[in-house]
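*Asks:* Take a look at this one; I'll ask things after.
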Amino acid sequence: MKVFAVKAVPTVKWSSSHPLNFKPAPVTLFLLSVGLTLFGLGEALMIAAGFGVSPWLVFAEGIAQLTGFSIGLATVFISAMVLLLWIPLKQTPGLGTLLNALIIAIVIDFSLPWLPSPQAFFFKGLEALAGIIIVGFGSAIYLMAHLGPGPRDGLMTGLQRVTQYPIARVRTSIEIAVLTVGFFLGGTVGIGTFLFTFGIGPSVSAGLFVVSNLSSKGDDDER
């Protein structure tokens, strides 16, 4: 299916010409912020669902147990290590890279108190699934701004460019690897963890496919 076979982040009319653009068009900056806001909301839904954390948080828990770091410090450490992997992949940071951590953290902190934390198994799964879909589509919108990805998304796009495999496959492979290492280091795994592991790649791919087609349709309508 084409929706899961996307091989690169599409460029559309509102995409920036280069990640190192610190004066992007207002619409590009706006859509970057919208994408990151949705990303943060999706992450918050995953947390509120209490159905299992993402593979990267499992990894952070494992690193924390190994080193004695706090979860927050372990997360920063992992992000720094991932950014080092950008060097051989020739990834370029930008405004989106800087805003990634800031906006997502703010949205998570603001939205969590307002989100439901269901007790029923079915509704926990439903909320977690909604979070995964929203993270995927938020990722697609902010990545298509071409203002620089966050550390983990940069690893995904860099590996995709090198391997030429579909984004869904690359992202799923990364999540499986991270989950495996985190689990053996002692991180906590839940059902939602597996949902995220195998759902986020297809979700990002679907988001890129849908948003790029909607953007192209909008360009056609203007003409």
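Rule-based calculations on the coordinates, nothing more; no lab input. Not measured: the values here are computed from a predicted model. A quick note on method: Cβ atoms are made from the backbone with ideal geometry, for glycine too, and the neighbour counts reach across all protein chains shown.
*Asks:* Using Cα springs under 10 Å in a Gaussian network model of the chain, which residue among PHE39, PHE30, PHE196 shows the largest mean-square fluctuation?
*Replies:* Ranking PHE39, PHE30, PHE196 by mean-square fluctuation puts PHE30 first.
*Asks:* Oh, and also: Sort LYS13, LYS7 so that the residue with the fewest other Cβ atoms within 10 Å of its own Cβ comes first and the one with the most comes last.
*Replies:* In increasing order of surrounding Cβ atoms, one gets LYS13, LYS7.
*Asks:* Next up: Identify which of LEU208, LEU29, LEU102 has the largest mean-square fluctuation in a Gaussian network model of the chain, with springs joining Cα atoms closer than 10 Å.
*Replies:* Fluctuation is largest for LEU102.
*Asks:* Also, quick follow-up: So how much slack lies between LEU115 and LEU214, counting 0.36 nm per residue of separation and subtracting their Cα-Cα distance, in nm?
*Replies:* In short, 32.7 nm is gained.
*Asks:* Would you report the distance distribution of C-alpha pairs in the chain as whole percents per 10 angstrom bin, up to the bin with the largest distance?
*Replies:* 9, 32, 39, 16, 3, 0
*Asks:* Using the 10 angstrom Cβ neighbour count as an exposure proxy, how do TRP114, TRP56 rank, fewest first?
*Replies:* TRP114, TRP56
*Asks:* Which of the three applies to the stretch 43-120, rounded, prolate or oblate, going by the alpha-carbon gyration tensor with a ≥ b ≥ c and a/c under 1.5 meaning rounded?
*Replies:* Oblate, because a/c is 1.5 or more while a/b does not exceed b/c.
*Asks:* Over the stretch 25-215, what relative contact order in percent results from Cα pairs under 8 Å that are six or more residues apart?
*Replies:* Relative contact order of the stretch 25-215: 40 percent.
*Asks:* Sticking with this structure for a sec: With unit charges on the beta carbons (Lys and Arg positive, Asp and Glu negative) and the dipole taken about the Cα centre of the chain, which residue among VAL178, GLY131, LEU85 sits farthest to the positive side?
*Replies:* LEU85
*Asks:* So between PHE22 and PHE194, what do we pick up on full extension, going 0.36 nm a residue minus the alpha carbon distance?
*Replies:* 58.2 nm is the gain from fully extending PHE22 to PHE194.
*Asks:* Could you tell me how many degrees, from 0 to 90 and to the nearest 10, lie between the Cα long axis of helix 151-163 and the main elongation axis, the longest principal axis, of the Cα atoms of the chain?
*Replies:* It works out to around 60 degrees.
*Asks:* Please report, in Å, the Rg and the Dmax of the stretch 165-215, where both are computed over Cα atoms only.
*Replies:* 13.1, 43
*Asks:* Among SER117, SER205, SER139, which one moves the most in a GNM of the chain with springs linking Cα atoms closer than 10 Å?
*Replies:* SER117
*Asks:* Same structure again: Roughly what angle does helix 95-111 make with the longest principal axis of the chain, taking Cα atoms, 0 to 90 degrees, to the nearest 10?
*Replies:* 50 degrees
*Asks:* Right, something else. Mind listing the long-range amide H neighbours of VAL53? Cut-off is under 5 Å, sequence gap 5 or more, other chains count too, H placed in the peptide plane at 1.01 Å from N.
*Replies:* Those lying under 5 Å, H to H, from VAL53 are GLY190, THR193.
*Asks:* Still on this structure, please answer the following. Rounding to the nearest 10 and keeping the result within 0 to 90°, find how far the Cα-based axis of helix 71-89 lies from the longest principal axis of the chain.
*Replies:* Result, in degrees: 40.
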